[in-house]
Amino acid sequence: IDSWLTKAEFNVAFGARLGMQVMEEAQCPFCKKVVCDPQGYHAMVCMSGGNRQRGHTAVVKFLVALAGEAHLCVREQPVLPNGTRPDIAMSDIQPGLVRGAATRLLMTDFATVFPLADAHVGHAAEVAGGAATHYERTKNDKYFAACAAVNTRFVPVIVEPFGSWGQAALGHITYLAR
């Protein structure tokens, strides 16, 4: 995945992982709403920053390529009847290629969840990947019913920046890798 760090980014990420002070306390230059903490946690997850979107796009492109390697028909940003747009739709047969063949359609949406955020730290403390697994519910609330309405399976793919994956994501990636 296109996520190489510069030497400076690596040093900051490594220091933050060790709980060291990696920056001065200051207002976030992106969202202007909160004060960045000295450990740099807010800087890693600010929704207004460009790195999150770059990382999201890189992972979606990786999942599209992986699905393509699995010879699945893939479409990015499909529109569901309720107007929502999950990241990827994939099926095992290209539409119209085999007349009368059953097509299994699956949609997925990717997100990164920060386990040290106040809303997630309790779940992260329970089990590895707890924050990601808990956030899968948020994605299911947004997409599950709309996907079911068009006879499509939905799988949220949620990861934590420190490496843990949600339970649904683990099963989905294993399926694609077969």
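Each residue of region 60-73 was assigned a 3J(HN,Hα) from its phi angle through the Karplus expression (A = 6.51, B = -1.76, C = 1.60, θ = phi - 60°), giving 4, 4, 4, 5, 4, 5, 4, 5, x, 5, 7, 6, 9, 7 Hz with x at Gly and Pro. Given a Förster distance of 35 angstrom, what is the FRET efficiency for L66 paired with E126, based on the Cβ-Cβ distance and rounded to 0.05? E(calc), rounded to 0.05, equals 0.75.
Annotation: amide H of F154 within the under-5 Å range of M107, sequence separation 5 or more or interchain, hydrogens built in the peptide plane. If you sort R85, R75 by accessible surface, 1.4 Å probe, largest first, the order is R75, R85.
Each residue of region 125-140 was assigned a 3J(HN,Hα) from its phi angle through the Karplus expression (A = 6.51, B = -1.76, C = 1.60, θ = phi - 60°), giving 6, 6, 7, 4, x, x, 5, 5, 4, 5, 5, 4, 4, 4, 5, 4 Hz with x at Gly and Pro.
Would you list which lysines come within 27 Å of K33, measuring only between C-alpha atoms, while excluding same-chain residues fewer than 8 positions from it? Of all the lysines, those that pass the test against K33 - Cα under 27 Å, at least 8 places apart if same chain - are K139, K142.
Once you have the Cα-Cα distance between K32 and T174, take 0.36 nm times their residue separation minus that, and quote the gain in nm to one decimal. Let's see the in-between values first.
Numbers: separation 142, 0.36 × 142 = 51.12 nm, distance 3.99 nm.
Extra length from K32 to T174 when fully extended: 47.1 nm.
The values are calculated or read from the model by the stated rules, or taken from the named source; none is laboratory data. Bear in mind the structure is a predicted one, so any value in this text is a computation, not a measurement. Quick reminder, even Gly has a Cβ in these numbers, built from the backbone with ideal geometry, and neighbours come from all protein chains shown. Accessible surface is based on the protein model in full, side chains and every heavy atom, while ligands, DNA and RNA are left aside. Shrake-Rupley method; radii C 1.70, N 1.55, O 1.52, S 1.80 Å.
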